[in-house]
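Undergrad: Here it is: the structure, laid out below.
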Amino acid sequence: MKPLFLTLVGPPGAGKGTQAQILCETFGLGYLSTGEMMRQAAQAPGPEGDQLREYASSGHLAPDDFTNAMVARRLDDMPAGCLLDGYPRTLDQAQALDEQLAFRDWKLSAALHLRVPDSVIRSRLLGRRICPACGSSYHLQFRPPSTSGRCDADDVQLTQRADDVAEKIERRITAYHQLTEPLIAFYTGSSRLITVDASADVDDVRDALVDEISRLR
Ligand code: AP5
């Protein structure tokens, strides 16, 4: 079977991370999240870690060259295919991804566009809580843990991401509209765009995505 390469395109809080976890398990795909990679790399001491901490917490995008190089280094670990979460986020990144995949004789089969209105995004991000130990994601209202404020998997106290505060959420939404939304036309032009209504509940969004991806195989 040919490796399957897919990307999730959507605004912050669209549910990319939530759906990626389910889809990677369902289709046996590798997972590549630039946000996660940057948050991990930001923990390293030194100037690069300091710079990444600033990007990952401020709501500003990291530079394209840096991000493209980071992804290119990881693609060789994904011979069975992968689901990209949060990459590409600019037209420059989309072109770089096509080039990197073509260089390995692979191609991006589809961009899965999670469409959600800004009002829904705000409430999802303000209510999100994360387990700092295992990375599990919850929502105070839509996906609460069994014990208030504690992770179901390891009972660790849940925390809020540094960029999940009102001012930074607005900056991320603006960056999405200005820099990432043009990808919708880019992938429509090459007949690779699949749009799903991601304002529905988690299971309905999953069913719609599973249905679409199954048709690509
Ligand atoms: P990144 O980590 O990629 O963040 P993001 O794109 O802002 O997306 P989020 O992780 O906030 O949201 P999500 O869509 O995964 O939603 P989730 O499933 O958690 O990037 C962070 C930063 O890193 C960027 O700002 C930038 O600085 C940098 N960066 C990353 N990639 C980059 C790139 N390519 N280039 C340059 N810089 C880059 O869901 C959100 C909440 O909603 C959760 O609480 C969840 O439980 C809940 N929820 C999910 N789905 C549903 C549903 N259907 N119904 C109800 N609730 C739901």
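Nothing in this text is a laboratory measurement; each read-out follows from the coordinates by a stated rule. Computed from a prediction, not measured in an experiment: that's the story for all the values here. No Cβ is skipped: glycine too gets one built from the backbone with ideal geometry, and neighbour counts run over all protein chains shown.
Undergrad: Which of the lysines could a cross-linker span from K107 if the Cα-Cα distance has to be under 24 Å and same-chain partners fewer than 8 positions apart are dropped?
TA: Partners found: K2, K16.
Undergrad: Hey, with R₀ at 30 Å, roughly what FRET efficiency would E48 and E170 work out to, going by the Cβ-Cβ distance, to 0.05? Kindly include the intermediate steps, with their values, before the conclusion.
TA: Working: r = 27 Å, r/R0 = 0.91.
Efficiency at R0 = 30 Å is approximately 0.65.
Undergrad: Next question, about the same structure. Quick one: net charge of T195's neighbours, Cβ under 10 Å, K/R +1, D/E -1?
TA: Taking every other residue near T195 into account, the sum is -1.
Undergrad: On each of the three principal axes of the Cα atoms of the stretch 170-217, give max minus min coordinate, whole Å, ordered largest first.
TA: Its Cα atoms span 33, 28, 12 Å along the three principal axes.
Undergrad: Hey, what did the chain get for relative contact order, percent, Cα under 8 Å, at least 6 apart?
TA: 29 percent.
Undergrad: Taking +1 at the Cβ of each Lys and Arg and -1 at the Cβ of each Asp and Glu, which of I121, L97, M70 sits farthest along the dipole of the stretch 68-136 towards its positive end, judged by Cα position relative to the Cα centre?
TA: I121
Undergrad: Still on this structure, I have one more. Quick one: which of 176-184, 124-132 comes out on top by average Cβ neighbours within 10 Å, and what's the full order, highest first?
TA: 124-132, 176-184
Undergrad: If you don't mind, there's one more thing I want to ask. How charged is the neighbourhood of R128? Take every other residue with its Cβ under 12 Å from the Cβ of R128, and add Lys/Arg as +1 and Asp/Glu as -1.
TA: Net charge around R128: +3.
Undergrad: Next question. Can you list, bin by bin at 10 Å, the percent of alpha carbon pairs in the chain, starting at 0?
TA: 8, 33, 40, 18, 2
Undergrad: Bin all alpha-carbon pair distances of the stretch 39-161 at 10 Å intervals from 0 and give each bin's fraction as a whole percent.
TA: 11, 30, 35, 22, 2
Undergrad: Right, something else. Give me the percent of Cα-Cα pairs in the stretch 58-97 that sit more than 13 Å apart, rounded to a whole number. Don't skip to the answer; put the middle values down first.
TA: On the way: 404 of 780 pairs.
Summing the P(r) tail past 13 Å for the stretch 58-97 gives 52 percent.
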